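This report refers to the structure that appears directly beneath it.
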Amino acid sequence: MTKQNEGQETVLPIPHHGIEGMRQLDYACVHLKVPKTGKPWLDELITESLRNEMAGRAMQGILCNNQVDSAKLQYAKMVYKIADAMISTGKGE
């Protein structure tokens, strides 16, 4: 990690990922899946990644409880609604 002049942000050199000079805030937001970078395109990607992860976890919970029948598409839609609700709640909506 390198620190620039006082008053400027800390920048992480991450050459092994092909990203030069990623802001420390961006790096943390990506890895913690918190869409608060201030960059709309990056926040949208983080939110979509979080949504997919939450939907996957909801599906795992359904499958572990043997609540699966022939309406698999219905479950797929339901887990994304659960994920969307979790994200909205996390935003304080």
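Sort out which residues of region 21-59 are open to solvent by 50 Å² or more (accessible area, probe 1.4 Å) and in contact with a Cys (Cβ under 7 Å, 6 or more places away or on another chain), and write them in order of number.
Lys36
Only one of Met22, Met59 is in a helix (DSSP H, G or I) and at pLDDT below 90; which?
On the way: Met22 fails: in a helix (DSSP H, G or I).
Met59 is the lone residue from the list that is in a helix (DSSP H, G or I) and at pLDDT below 90.
The values are calculated or read from the model by the stated rules, or taken from the named source; none is laboratory data. Not measured: the values here are computed from a predicted model. Ideal geometry is used to build each Cβ from the backbone, glycine not excepted, and the neighbour counts take in all protein chains shown. Keep in mind that these areas ignore ligands, DNA and RNA; they rest on the heavy atoms of the full protein, side chains included. Shrake-Rupley method; radii C 1.70, N 1.55, O 1.52, S 1.80 Å.
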